[in-house]
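Asks: Handing you this structure, nothing more for now.
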Amino acid sequence: MDPMKEFFLFLSRQKSLHKMLSSSGPFCVITRRFVSGDTIEEGVKASKELNQKGVMVSLDCLGESVLDEKMADAVVQEYLKIMEHIKDEEAFKISVSLKLTQLGLDIGKELCLKNLRQILQKAKDYGKLVTIDMEDTPYTDRTIDIYKSMLAEGFKGTGIVIQSYLRRTESDIRNMLPLGPRVRLCKGAYKEPATVAFPDKKDVDKNYLNILSILLSKEALGYGTYPEVASHDEKIINWTLDYVKKNNIAHDKFEFQMLYGIRRDLQEKLAKQGYRIRAYVPYGTHCYPYFMRRLAERPANVLFMAKNMLYR
């Protein structure tokens, strides 16, 4: 694994550093560029501002694994509040993302399912989309299984995140295709052994394009698959633009996704060109581990994020 990636993943787990930096003025200034705020109201306000620029949103309440039912219920109530805040917005303009470990997966699968159903039912009632985030590989099978079970239960507005750095991803995608999944394809941001994940960026990128070509294939689109191209890499974005043009794929059959605060200029440019673009907008007080994982995902993001402080 890249030493810099390993370093930032190590930092993401340091609770003492988390506590120290969370009270640091400069750190809060930097993270505020990439985290919309501490509250639902701040997250929704940032989302509506992006909507006005033609950028859709996936709103996420930041958090880590919970270890008791009371904490899990608090997360559920937070997401139900989000639904109330966005229920009157146009259906696709503001969706939500969530992590299963926030809903109690580490406590038990049945608790997690009960909590997830509450959120998905409210989303279904209001015509909102929900994306289940992918975590590290101890959760991969369980996350995919839960996703499939939610589709089988009729929660068709549910999507899943799939990571191109995993060697298993092509098999996972091919097995999912008949379900017509909505897939956010990202590169991946957790520490994994080389037996499980591609250690070299060039192989991760190669696999990303391989998986994306499957998701954009005539077969996949015929099933109703909806690819979400989650990347700031202009090589990947340009490859996608060329592919959909050559294959006459309509703009409403896929979308681009980027992180809040990253390449705002490119987000707005794609929106003006008529492409669907969605920003992942996090809010909450758990910004430290999120921020460190974003740096680990691509250590060059240290410079990348610094440059983005200059973009509007």
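The values are calculated or read from the model by the stated rules, or taken from the named source; none is laboratory data. Only a predicted model underlies this, so the values are computations on that prediction, with no experimental measurement involved. Cβ: placed from backbone, ideal geometry, glycine included. Neighbour counts: every protein chain shown. Calculation scope for accessible area: heavy atoms of the full protein, side chains included, ligands and nucleic acids excluded. Shrake-Rupley method; radii C 1.70, N 1.55, O 1.52, S 1.80 Å.
Asks: Can you figure out the FRET efficiency of Asn210 with Glu84, using R₀ = 35 Å and their beta-carbon distance, to the nearest 0.05?
Replies: 0.30
Asks: Continuing with the same structure: Per residue, how much accessible surface does region 141-232 expose to a 1.4 Å probe? Answer in Å², no decimals.
Replies: Normalised by residue count, the accessible surface of region 141-232 is 40 Å².
Asks: What FRET efficiency comes out for Gln52 versus Tyr243 if R0 is 25 angstrom and r is the Cβ-Cβ distance? Round to the nearest 0.05.
Replies: My answer for the efficiency is 0.25.
Asks: Counting only protein heavy atoms and using a 1.4 Å probe, what share of the accessible area of region 76-184 belongs to carbon plus sulfur, as a whole percent?
Replies: Accessible surface attributable to carbon and sulfur in region 76-184 totals 47 percent.
Asks: Quick one: which of Lys53/Lys202; Lys114/Lys191; Lys187/Lys253; Lys48/Lys122; Lys109/Lys156; Lys48/Lys124 span more than 26 angstrom between C-alpha atoms?
Replies: Lys53/Lys202; Lys114/Lys191
Asks: Also, quick follow-up: If you place +1 on the Cβ of every Lys and Arg and -1 on the Cβ of every Asp and Glu, how big does the dipole about the Cα centre of region 147-199 come out, in debye to the nearest 20?
Replies: 100 debye
Asks: Taking a probe of 1.4 angstrom, what is the accessible area of Ser65 in Å², to the nearest 10?
Replies: Counting only protein heavy atoms, the figure is 40 Å².
Asks: With a probe of 1.4 Å, find how much accessible area region 46-105 has per residue, and write the answer as a whole number in Å².
Replies: 42 Å²
Asks: If each residue of separation counts as 0.36 nm, what is the full-extension length gain between Glu219 and Gln118 once their alpha-carbon separation is subtracted?
Replies: My answer for the length gained is 33.1 nm.
Asks: Another question, then. So what does Cys61 come to for accessible area, using a 1.4 Å probe and Å² rounded to 10?
Replies: 20 Å²
Asks: Suppose every K and R has +1 on its Cβ and every D and E has -1 on its Cβ; what is the size of the dipole of region 79-178 about the Cα centre, in Debye to the nearest 20?
Replies: That gives a dipole near 160 debye.
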